[in-house]
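Undergrad: Pasting a structure below so you can have a look.
The values are calculated or read from the model by the stated rules, or taken from the named source; none is laboratory data. Keep in mind the model is a prediction, meaning the values are calculated, not measured. Cβ: placed from backbone, ideal geometry, glycine included. Neighbour counts: every protein chain shown.
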Amino acid sequence: MEMINLTIDQKPVVVRKGTTVLKAASSIGIDIPTLCYMKLDDMNIENKPGGCRVCVVEVKGRRNLAPACCTEATEGMEISTHTIRVVNARRTVVELILSDHPADCLICAKSGNCELQDMAHHLGIRQIHYQGEQSMYREDTSPAIIREINKCIMCRRCETMCNDVQTVGVLSAVNRGFQAVVAPAFEMNLDHSVCTYCGQCVAVCPTGALTEVDETGAVIRALSDPTKTVIVQTAPAVRAALGEEFGMPAGTLVTGKMVAALRRLGFDHVFDTDFAADLTIMEEGTELLTRLSAYMAGDQNVKLPILTSCCPAWVKFFEHQFPEMKDIPSTARSPQQMFGSIAKTYFADKIGVKRENLVVVSIMPCLAKKYESSRPEFSVNGNPDVDFALTTRELAHLINLGNIDFKSLPNEEFDQPLGESTGAAVIFGTTGGVIEAAVRTAYEIFTGKPLPRIDFEELRGMDGLRKATIDFNGTPINIGIAHGLGNARKLLEDIQAGNSEFHAIEIMSCPGGCIGGGGQPYHHGDAEILKKRQRAIYSEDKNKTLRKSHENPYITKLYDEFLGAPMSEKAHHLLHTKYFDRS
Amino acid sequence: MAEYNMHILVCGGTGCKASQSELIKTNFKTRLNEFGLTDEIQVVLTGCFGFCEKGPIVKILPDNTFYTQVTPEDVSEIVEEHIIKGRKVERLLYKDPETKAAIGDAKGMDFYKKQIRIALRNCGFINPENIEEYIGRDGYAALGTCLSEKTPDEVIQMIKDSGLRGRGGGGFPTGLKWDLTRKSESDQKYVVCNADEGDPGAFMDRSILEGDPHSVLEAMAICGYCIGADKGLVYIRAEYPLAIERLKIAINQAREYGLLGNDILGAGFNFDVEIRYGAGAFVCGEETALIHSMEGKRGEPTVKPPFPAEKGYNGKPTNVNNVETFANIPVIINKGAEWFASIGTANSKGTKVFALAGKINNVGLIEVPMGITLREIIYDIGGGIKDGREFKAVQTGGPSGGCLTKSFLDTPIDYDNLVAAGSMMGSGGMIVLDDTDCMVAIAKFYLEFTLDESCGKCAPCRIGNKRLHEILEKITVGDGKIEDLDRLRMLSTVIKDTSLCGLGQTSPNPVLSTLDHFYDEYLAHVTSHKCVAGQCKALMHYSIDAERCTGCTLCFRNCPVGAISGERRAPHYIDQSLCIKCGVCFEKCKFDAVLIA
């Protein structure tokens, strides 16, 4: 490995060839500010258009200033990061960006989380010397994402996520010069585009240009309506991230406190989406086994591999991009929708409340869940199975509005019957979790034998594409895992070409799975946060007494009392769905 | 061309074509046919002669007669008088602007006397749609020499020795660029011709492609041989339909003659050329933006390094040269590096094509040796300032160049001197300004262009240029403050220092150079709210001289906003609060009673 010697602010530093000036500086404790730059370490996600010019530094012998984020360190370089020329340029550039940015910080959805606001503060900007016309664009609202592109600073992070990582291709720069902005083609509305609502654009937007649709007001109104019974379900990834909104370290599990907070907010029943995740495994696992058995019996028409269908952004992705393959994914609804469906039938009957008077709220790490709950096939006579899908961030706002000191809350338990879950359900929150949960159940049903081990380390990790072969007592089952839609696309193209070796594939749209969802607390480009959330998820699984979905006693009871058996006609009606060609 | 006794060359450049030069050609053919002369006299539609000011141009060889502003109706007279009777048509001959004497032989025209035509050698001489005519003037001889007698390294050394530098704006040594691309290892390399000519007023690349497309194709093939590429791409803006058409014809002819395609001249060398169209974005002249545009991506630049020589089109090593640069190559091979290097100055060799425009008598395209002075260009070749007005400045280098004043009139023009003077060579735009041009308005005009053409990728160019423009706008409408002048300078400096590509790094040049050379003019705008050139309308004050006013009411009747009042046969009066400074009263008054201050 070739090494490079250079000096930064007169300090000598030795780095590997190929290292950027930014990284070289940070290795010796020089923290050059950046704005558009973003890198998720070890996840192969990097945005460095060199567009904001905030990270410029002086290089001896060079005519103009160089952007540290995309300038490679070379032998003998002499870098100065805070000469008056650099500081003046850096401040001027940020002032220019601010001069074309709405100054409504006090009421901006991103206030407190805005990287531009932080930068202005960091550089001590008190005055904008170059005032002038501001860009005016119309606001675009969709079922999940609001685009307020007057606030776009052309960092292009959303474009990187939408194009390079997700290969969805909705967001890209349009127009030129002062009018340049990131938008869908022809500046069409997001809901007319092929947007999957994965929300990764929102997750990385440094400003308030891209935010989620805020439904907290509607939930507060429902909670204060005496004619309504309001119940809540919480997705597995939420408990591994919610604490960050209250200053707790990333990776702190706050399941008990979250339940306590929801109860204090006035929800009549605090349930767990994990219950529905166990139910999903029963349905999807059975579907997998049915297809597998038919395949092994020589049925040529059976569709393999089976693809998971829990992720609504992924579902919308293949409906747009691979409509000819819409009969391959499992027909099982997502846990959110299974929960809604069971809540508004089985549970509503149980407590004697009419469907119309039962309000189901879900707390999700996800923006696509907002869209999913609005899909017409998931409602009965106009009444949706899930009324409101809030993000982890929205829940934090609700908790604040409820004057709740989150950190000092006691740990409380979920209500029953829809609050019981197994460890298999918890790991739905991370990439690889759904398929591991499915394997735990499918193995035992397929082989009729207890699992020799519960933890399938070979299915875990953060690599975008993973594969493993699980020995189903002599029958090798090939499993594929993809997170990030770009990775999913590769697997789908293999299937299309007839080259897929897999029997089952798990796909999650967001890098890292739901822990990295578009509705989670902002990670600001720190991939470590995602890894810590992942570890928290696995530790919750480990601490559960029950770790296989089919062992959930309330699931057994649900089948006994209501559904009959997995894939029964009733189950089909309530727990399965169909897909549409949206190409 | 030998079999004919006489040749009638009709300019087929875009400008002359727009003035019916094709009909002129047809009329010549018809008339000659009537006289049974079609076997003796050839009529050729050529590329641009450069003397666009007086187009359409018709040149008659061998006597070198140069007819200007010819109309289709003039053809009969030329045929009957000149061709049949041997008497030149006086009224159509070029007249010397000073002596007013008609000049019979083009060699006697000052416009051509100081020009040396290398890149434009064939423009106005040959039919660009006939490869035989190109071959007849040593065309493809250079390619033959390279393939049969020289190794790629020898050719590159020749280009290096010639001292040729990029004519598109950057001025990077061409030989070195070729060498870098040659040394990049790859299974596939590309030669790209940058024909995305975007400077307002500049049209040398278009003229070369319209007038001599084979010279570019030949040079691209030579470049491909040198760097190890078998594929060439011409990136040309779709607004150049004639150039595209002639280029297509040339490519097809070159393929038919085995000068493009596989096993060229039996030397085992394969090379072919394709055309890629640009949508006319100025920034796509920047090589990384150009490459992205060719790849079907948004035309915006990326940070260099990596340079295209390492990672260009489709990630492969790519050599990008401008049209004019390529047009020089075959001549260097044919006449030798030493010959080429003998023309020009120490670090700028050969010639440069300039597009002369603005307040100059001879608007057009000229090719002059490096080292010539501005004075020679403007007064000898350009015929001086229009209407005998006073020279004020010349803007060189296109929208991102700077303005040079009288004090630079005797500076030898080359890459380095222009930069030292606060401007640049650019692609060779040269716009001459006289004392009626307001320098603040000029700076604003150029900034308007870069503002429109910025891709918007980096913040200083996207927002900074907008703010610069706003400040200039403020100054030209009389709202400027003295501190705005410092602000202009400081912001300009930061934009130059921090912008991502050449566009932003140079866009404040017109502002900075006018601030440097015409600070008084700025000062007059912000302190006494005066525009000395009388161009900034908002700063003008119209009043009526009661002594001179006869009360004819013409101004009163023509004022569009009713700002003028007064009785018939009594002095009129302008209400300043209503006046929109449109100047109609001034134009209409027959008694010079409307005063402007």
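So that you can scan it fast, the table gives a plain yes or no per residue for (1) modelled with pLDDT under 95; (2) within 30 Å of A:G177 (Cβ to Cβ); (3) not assigned by TED's automatic domain parsing to the domain that holds B:I463:
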| position | (1), (2), (3) |
| --- | --- |
| B:S499 | no, yes, no |
| B:L503 | yes, yes, no |
| B:T553 | yes, no, yes |
| B:P571 | yes, no, yes |
| B:I580 | yes, yes, yes |
| B:K588 | yes, no, yes |
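Undergrad: When only residues in the range A:34-55 that are among the charged types (D, E, K, R) and out of contact with any helix residue (DSSP H, G or I) (no Cβ under 7 Å at 6 or more places or on another chain) count, which is farthest from the other protein chains (Cβ to nearest Cβ)?
TA: Step one: filter the range A:34-55 for residues among the charged types (D, E, K, R), giving A:39, A:41-42, A:46, A:48, A:53.
Now narrow it down to the ones that are out of contact with any helix residue (DSSP H, G or I) (no Cβ under 7 Å at 6 or more places or on another chain): A:39, A:46.
Values: A:K39: 15, A:E46: 13 Å.
Among those that are among the charged types (D, E, K, R) and out of contact with any helix residue (DSSP H, G or I) (no Cβ under 7 Å at 6 or more places or on another chain), it is A:K39.
Undergrad: Can you tell me which of A:E372, A:E324 is more than 22 Å from A:G419 (Cβ to Cβ) and assigned to a helix (DSSP H, G or I)?
TA: Of the residues listed, the single one that is more than 22 Å from A:G419 (Cβ to Cβ) and assigned to a helix (DSSP H, G or I) is A:E324.
Undergrad: Still on this structure: If I ask for residues that are away from chain B (no Cβ under 14 Å) and outside any loop (DSSP other than H, G, I, E, B), which ones from the range A:116-150 would you list?
TA: A:Q117, A:D118, A:H121, A:H122, A:D140, A:T141, A:I145, A:I146, A:R147
Undergrad: Take B:L409 and decide whether it is more than 30 Å from B:K474 (Cα to Cα) and surrounded by 24 or more Cβ atoms within 10 Å (Cβ to Cβ).
TA: So B:L409 does not fit the description; no.
Undergrad: Scan the range B:254-263 and give yes if some residue there is within 27 Å of the chain's Cα centre (by Cα) and either under 16 Å from B:A219 (Cβ atoms) or more than 14 Å from chain A (Cβ to nearest Cβ) (or both), otherwise no. Step through it out loud before you land on a result.
TA: From the range B:254-263, those within 27 Å of the chain's Cα centre (by Cα) are none; that's our starting set.
No, that holds for no residue.
Undergrad: May I ask you to verify whether A:L253 is outside the structural domain of A:M161 (by TED's automatic domain parsing), in a helix (DSSP H, G or I) and under 23 Å from the mean Cα position of the chain (by Cα)?
TA: Considered against the rule, which asks whether it is outside the structural domain of A:M161 (by TED's automatic domain parsing), in a helix (DSSP H, G or I) and under 23 Å from the mean Cα position of the chain (by Cα), A:L253 comes out as no.
Undergrad: Out of curiosity, is B:R276 under 22 Å from the mean Cα position of the chain (by Cα) and of a type in the set (D, E, K, R)?
TA: Yes: the conditions hold for B:R276.
Undergrad: Could you say whether any residue in the range B:511-527 is in contact with a His (Cβ under 7 Å, 6 or more places away or on another chain) and touching a residue at least 12 places away in the same chain (Cβ under 8 Å)?
TA: No, there is no match, as no residue in the range B:511-527 is in contact with a His (Cβ under 7 Å, 6 or more places away or on another chain) and touching a residue at least 12 places away in the same chain (Cβ under 8 Å).
Undergrad: I'm checking my understanding of the structure. Among residues of the range A:343-376 that are surrounded by 23 or more Cβ atoms within 10 Å (Cβ to Cβ) and of a type in the set (V, I, T), which one is nearest to the chain's Cα centre (by Cα)?
TA: Going through the qualifying residues, I end up with A:I363.
Undergrad: With respect to B:D63, is the statement that it is under 28 Å from the mean Cα position of the chain (by Cα), at pLDDT below 95 and of a type outside the set (A, V, I, L, M, F, W, C) true?
TA: When the stated conditions are applied, B:D63 does not pass them.
Undergrad: Considering only the range A:327-352, state which residues are at negative phi and not in a helix (DSSP H, G or I). Working first, answer last.
TA: The initial filter retains those residues of the range A:327-352 that are at negative phi, namely A:327-351.
Within the range A:327-352, A:D327, A:I328, A:P329, A:S330, A:T331, A:A332, A:R333, A:S334 qualify.
Undergrad: State the number of residues belonging to the range A:297-321 that are assigned to a strand (DSSP E or B) and farther than 13 Å from A:H483 by Cα.
TA: Of the residues in the range A:297-321, 1 are assigned to a strand (DSSP E or B) and farther than 13 Å from A:H483 by Cα.
Undergrad: What tally of residues in the range B:278-321 results from selecting those that are part of a loop (DSSP other than H, G, I, E, B), over 19 Å from B:E185 (Cβ atoms) and within 13 Å of chain A (Cβ to nearest Cβ)?
TA: Adding up the residues that qualify gives 12.
Undergrad: Within the range B:438-477, which residues are away from every other protein chain (no Cβ under 11 Å) and either part of a loop (DSSP other than H, G, I, E, B) or aromatic (F, W, Y) (or both)?
TA: B:C438, B:F445, B:Y446, B:V477
Undergrad: Moving on. Out of all the residues in the range A:171-202, which are more than 13 Å from every other protein chain (Cβ to nearest Cβ), touching a helix residue (DSSP H, G or I) at 6+ places or on another chain (Cβ under 7 Å) and surrounded by 24 or more Cβ atoms within 10 Å (Cβ to Cβ)?
TA: Of the range A:171-202, the ones more than 13 Å from every other protein chain (Cβ to nearest Cβ) are A:184, A:186-202.
Filter again for touching a helix residue (DSSP H, G or I) at 6+ places or on another chain (Cβ under 7 Å), leaving A:184, A:194, A:196-201.
Of everything in the range A:171-202, those that are more than 13 Å from every other protein chain (Cβ to nearest Cβ), touching a helix residue (DSSP H, G or I) at 6+ places or on another chain (Cβ under 7 Å) and surrounded by 24 or more Cβ atoms within 10 Å (Cβ to Cβ) turn out to be A:T196, A:Y197, A:C198, A:G199, A:Q200, A:C201.
Undergrad: Name the residues in the range A:56-111 that are at the interface with another protein chain (Cβ under 10 Å from one of its Cβ atoms) and either of a type in the set (K, R) or touching a Cys at 6+ places or on another chain (Cβ under 6 Å) (or both), would you? If you could, list the steps in order and put the result at the bottom.
TA: Filtering the range A:56-111 for residues at the interface with another protein chain (Cβ under 10 Å from one of its Cβ atoms) gives A:56, A:58, A:63-67, A:69-72, A:74, A:85-86, A:88-101.
Scanning the range A:56-111 gives A:R63, A:P67, A:C69, A:R85, A:R90, A:R91.
Undergrad: While we're here: Which residues, counting only those in the range B:483-500, are farther than 23 Å from A:P67 by Cα and either among the acidic types (D, E) or at the interface with chain A (Cβ under 8 Å from one of its Cβ atoms) (or both)?
TA: B:E483, B:D484, B:D486, B:R487
Undergrad: For the range B:384-406, give me the residue count where each residue is surrounded by fewer than 18 Cβ atoms within 10 Å (Cβ to Cβ) and on the phi < 0 side of the Ramachandran plot.
TA: Residues that pass the stated criteria total 4.
Undergrad: Having 3 or more residues that are farther than 30 Å from B:A219 by Cα is the bar; report the helices (runs of 4 or more DSSP H) wholly within the range B:1-119 that clear it.
TA: Filter on the range B:1-119 gives B:21-34.
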